[in-house]
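Novice: Have a look at this one.
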Amino acid sequence: MDLAEVGAIAGGGVRRLALTDEDRRGRDLFARWCREAGCTVRYDAVGNVFARRAGRDGALPPVVTGSHLDTQPNGGRFDGAYGVMAGLEVVRALNDAGIETEAPIEVVAWTNEEGTRFAPSMMGSMAFAGLMSLDAVLGSRDAQGLAFGDELARIGYRGEGLGGRPIGAYFEAHIEQGPVLEETNHTIGVVTGGQGQCWYDLELAGQAAHAGSTPMDRRRDALLGAARVVEAVNRIGTAFPPGGVATVGHLSVSPDSRNVIPGRVSMSIEIRHPDDGRRAAMDAAVREAVADAAARGSLEATLHEVLDQPAAPFDADCVAAVREGARAEGLAYLEMVSGAAHDAIAISRIAPTAMVFVPCAGGVSHNEAESATPADLAAGCRVLARAMLARAGSAVRSGAAR
Ligand code: HGY
Ligand code: MN
Ligand code: MN
């Protein structure tokens, strides 16, 4: 809740867009708390922040946990922040219990998971995993044309080095951001993997013209074409059950004047599906719908694929560690694939990975009203701690408080 004060907005939400001053303040607060908990803190070439708690054998690959501190423009207090705070809480609990682990523990805050200011999402974790080049990350620009690298330097988090080191296991705690756990009365989601997704930027170009004097059959209306694409994307999202979803979340019109026929539209399209074959069929359907809308409206369409991310099955042993943790805590749990994307999906390409979900009210997220109960959040944190200790190996320091 103290972290949620950083970038707090009306409606109980948080706005900490990646690499803004609010993001910097959230990072600074997290780093301070980690140092106070005895961790060493460093950050890499794309600003991923790693807080390291020494283990008995520093040569062992660390067991890592974390998530992200950046949010959507209308973000909630828990998306990302929960996983980072849960990791910090595990460190604090180990300190209080006098538990020393064999392998080091690291808590990470990945840069720009949301991809809302700088697209695509999960840039920090993808760069760490070697799935996106450092140049591509540093060179990406926001809607104002500001470069990622300059903004990262401006907030003081442009460090050295990037990835290239082994991770023993990665666990991420996160709110489900969907309705399943709450509706089925389960406290813990044992996440077995993440669905695949494609992100696109679409530019539709027609002709700006006078709204009053241009006959209806002489128009090349870019917004009419965009409306047809929005309708088609929604239809495609419902045509590939179970699991398919498709969304247009961003759309801007030019010249955006009430008495000018829109000459240009730029818009986002995203599709997701747990099965890569079905997602490929959705991709083909999107391309066909765009071509149809362009032909019908005599428009030029430029479709640019921003992200093509396959489905990611998680590591069976790590999933088992989460499942055993839920059982040991006597918590009702449900095995599920994540609908939302997470840094764990990128990290699962290079390290054994699993996630712990807890319910959120009404399944609502990416919304100021996002909320979760302290009891559920604490339960998820205990399951996270058990899963991490199962992989890190632990011993109570002699003479320490039990
Ligand atoms: O888009 C996602 O799934 C994530 O919340 N950034
Ligand atoms: Mn998230
Ligand atoms: Mn999110």
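The values are calculated or read from the model by the stated rules, or taken from the named source; none is laboratory data. As the structure is a computational prediction, the values presented were derived from the model and not from experiment. As a convention, Cβ positions derive from the backbone with ideal geometry for all residues, glycine included, and neighbour counts pool all protein chains shown.
Novice: Kindly provide the set of residues from the stretch 254-297 that are within 16 Å of ligand 1 (Cβ to nearest atom) and over 16 Å from ASN234 (Cβ atoms), ordered by number.
Specialist: PRO274, ARG279
Novice: If you take the residues of the stretch 87-119 that are of a type in the set (Asp, Glu) and more than 14 Å from ligand 3 (Cβ to nearest atom), which of them is surrounded by the most Cβ atoms within 10 Å (Cβ to Cβ)?
Specialist: The selected residue is GLU106.
Novice: Criterion first (more than 16 Å from ligand 3 (Cβ to nearest atom), more than 20 Å from HIS186 (Cα to Cα) and touching a Pro at 6+ places or on another chain (Cβ under 6 Å)) does ASP315 satisfy it?
Specialist: yes
Novice: In addition: Can you tell me which residue within the stretch 46-55, out of those that are in contact with a Ser or Thr (Cβ under 7 Å, 6 or more places away or on another chain) and in a loop (DSSP other than H, G, I, E, B), is surrounded by the most Cβ atoms within 10 Å (Cβ to Cβ)?
Specialist: GLY47
Novice: What number of residues in the stretch 174-223 are within 16 Å of ligand 1 (Cβ to nearest atom) and not in a loop (DSSP other than H, G, I, E, B)?
Specialist: Of the residues in the stretch 174-223, 13 are within 16 Å of ligand 1 (Cβ to nearest atom) and not in a loop (DSSP other than H, G, I, E, B).
Novice: Please return the ranges of helices (runs of 4 or more DSSP H) entirely within the stretch 274-349 where 3 or more residues are touching a helix residue (DSSP H, G or I) at 6+ places or on another chain (Cβ under 9 Å) and within 16 Å of ligand 2 (Cβ to nearest atom).
Specialist: Result: 343-347.
Novice: Do you know which residues across the stretch 361-373 are touching a helix residue (DSSP H, G or I) at 6+ places or on another chain (Cβ under 9 Å) and either within 11 Å of ligand 2 (Cβ to nearest atom) or not in a loop (DSSP other than H, G, I, E, B) (or both)?
Specialist: ALA361, GLY362, GLY363, GLU370
Novice: Where residues in the stretch 27-45 are free of Cβ contacts under 8 Å to residues at least 60 places away in the same chain and surrounded by 16 or more Cβ atoms within 10 Å (Cβ to Cβ), which of them is farthest from ASP150 (Cα to Cα)?
Specialist: If we take residues in the stretch 27-45 being free of Cβ contacts under 8 Å to residues at least 60 places away in the same chain and surrounded by 16 or more Cβ atoms within 10 Å (Cβ to Cβ), then ALA37 is farthest from ASP150 (Cα to Cα).
Novice: For the stretch 370-394, enumerate the residues that are surrounded by fewer than 19 Cβ atoms within 10 Å (Cβ to Cβ) and among the hydrophobic types (A, V, I, L, M, F, W, C).
Specialist: ALA375, ALA378
Novice: Sticking with this structure for a sec: Is it fair to say ARG349 is farther than 23 Å from GLU106 by Cβ, surrounded by fewer than 20 Cβ atoms within 10 Å (Cβ to Cβ) and either out of contact with any Ser or Thr (no Cβ under 8 Å at 6 or more places or on another chain) or not acidic (Asp, Glu) (or both)?
Specialist: No.
Novice: A further question follows. Can you find even one residue in the stretch 148-159 that is within 16 Å of ligand 2 (Cβ to nearest atom) and of a type in the set (Val, Ile, Thr)?
Specialist: no
Novice: Would you mind finding the one in GLY156, GLY164 that is more than 30 Å from ASP256 (Cα to Cα), away from ligand 1 (no atom under 14 Å from the Cβ) and modelled with pLDDT under 95?
Specialist: Of GLY156, GLY164, the one residue that is more than 30 Å from ASP256 (Cα to Cα), away from ligand 1 (no atom under 14 Å from the Cβ) and modelled with pLDDT under 95 is GLY164.
Novice: Quick check, is ASP292 closer than 22 Å to GLU231 by Cβ, out of contact with any His (no Cβ under 7 Å at 6 or more places or on another chain), of a type in the set (Asp, Glu) and at pLDDT 95 or above?
Specialist: It is true that ASP292 is closer than 22 Å to GLU231 by Cβ, out of contact with any His (no Cβ under 7 Å at 6 or more places or on another chain), of a type in the set (Asp, Glu) and at pLDDT 95 or above.
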